1. Of everything in the stretch 115-129 that's in contact with a Gly (Cβ under 6 Å, 6 or more places away or on another chain) and over 15 Å from Leu60 (Cα atoms), which residue is surrounded by the fewest Cβ atoms within 10 Å (Cβ to Cβ)?
2. Whether any residue in the stretch 23-31 is closer than 15 Å to Met117 by Cα and not aliphatic (A, V, I, L, M) is what I want to check.
3. Would you check which residues across the stretch 52-75 are in contact with a Phe, Trp or Tyr (Cβ under 6 Å, 6 or more places away or on another chain) and farther than 17 Å from Gly16 by Cα and list them?
4. For the stretch 95-138, name all the residues that are aliphatic (A, V, I, L, M) and closer than 11 Å to Gly71 by Cβ.
5. Kindly provide the set of residues from the stretch 115-138 that are over 23 Å from Arg3 (Cα atoms), assigned to a helix (DSSP H, G or I) and of a type in the set (A, V, I, L, M, F, W, C), ordered by number.
6. Just one of the numbered conditions (1) over 13 Å from the mean Cα position of the chain (by Cα); (2) buried (at least 16 other Cβ atoms within 10 Å of the Cβ) is not true of Asn135; which one?
7. Which pairs do you get when a residue that is within 17 Å of Val112 (Cβ to Cβ) and hydrophobic (A, V, I, L, M, F, W, C), found in the stretch 53-78, comes within reach of a residue that is buried (at least 24 other Cβ atoms within 10 Å of the Cβ) and modelled with pLDDT under 95, reach meaning Cβ atoms under 8 angstrom, with the pair 6+ apart or on two chains?
8. For Ser80, only one of the following conditions fails: (1) out of contact with any helix residue (DSSP H, G or I) (no Cβ under 6 Å at 6 or more places or on another chain); (2) under 23 Å from Gly121 (Cβ atoms); (3) assigned to a helix (DSSP H, G or I). What is its number?
Amino acid sequence: MARNIIAVIIGIVAAGIATYFVQSVSDRLFPLPPDLDITDFEAMKAHVATLPPLAFVIVLVAHFAGSLFGGMVGAKVASSHQFKITLFIGGFMIAMGILNLLTIPHPIWFMVADIFMYLPGAYLGFRIYQRHFPNQAA
């Protein structure tokens, strides 16, 4: 039981790290203006409106990759119930994604696509884990 709780925590941390690294590509290609006040919703909304679709696609890939990596790591660390742990990590990522969508303005197409990135990513992470560790998968 304790190992499974640790697996969830480590999986969530791994998901966050993977998301950060992939999303940093978008941040480097499309940096925030130095004078932008990120606490000003209207200023953020105006900035987001200037971003090209590629910036959002990279973020979608980051969210998918984060869930994939977090699910895979969580399944590997867990002592049992790997699939449930993977889905929990994917669910946690959905919750964080919704929080992100509520606090930062995004285009509608991105909002719809983003919600559907997390669970498939986590599921694929579990399937990769299953393929590489077939005797441990449960």
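1. So in the stretch 115-129, the residues in contact with a Gly (Cβ under 6 Å, 6 or more places away or on another chain) come out as 118-119, 122, 125-126.
Those left that are additionally over 15 Å from Leu60 (Cα atoms): 125-126.
Working: Gly125: 30, Phe126: 24.
Ranking the qualifying residues of the stretch 115-129, first place goes to Phe126.
2. Kept after step one, since they are closer than 15 Å to Met117 by Cα, are these residues of the stretch 23-31: 23.
Of the ones still in play, those that are also not aliphatic (A, V, I, L, M) are 23.
Checked against the condition, which is being closer than 15 Å to Met117 by Cα and not aliphatic (A, V, I, L, M), the stretch 23-31 yields at least one hit.
3. So the first thing to find is which residues in the stretch 52-75 are in contact with a Phe, Trp or Tyr (Cβ under 6 Å, 6 or more places away or on another chain), and the list is 55-56, 67, 71-72, 75.
Once the filter is applied, which keeps residues that are in contact with a Phe, Trp or Tyr (Cβ under 6 Å, 6 or more places away or on another chain) and farther than 17 Å from Gly16 by Cα, the stretch 52-75 yields Ala55, Phe56.
4. Listed by number, the residues that qualify are Leu119, Ala122, Leu124, Ile128.
5. Hit for the stretch 115-138 is Ile115, nothing else.
6. (2)
7. Matching pairs, first to second residue: none at all.
8. (3)
The values are calculated or read from the model by the stated rules, or taken from the named source; none is laboratory data. Keep in mind the model is a prediction, meaning the values are calculated, not measured. Every residue, glycine among them, receives a Cβ derived from its backbone with ideal geometry; neighbour counts consider all protein chains shown.
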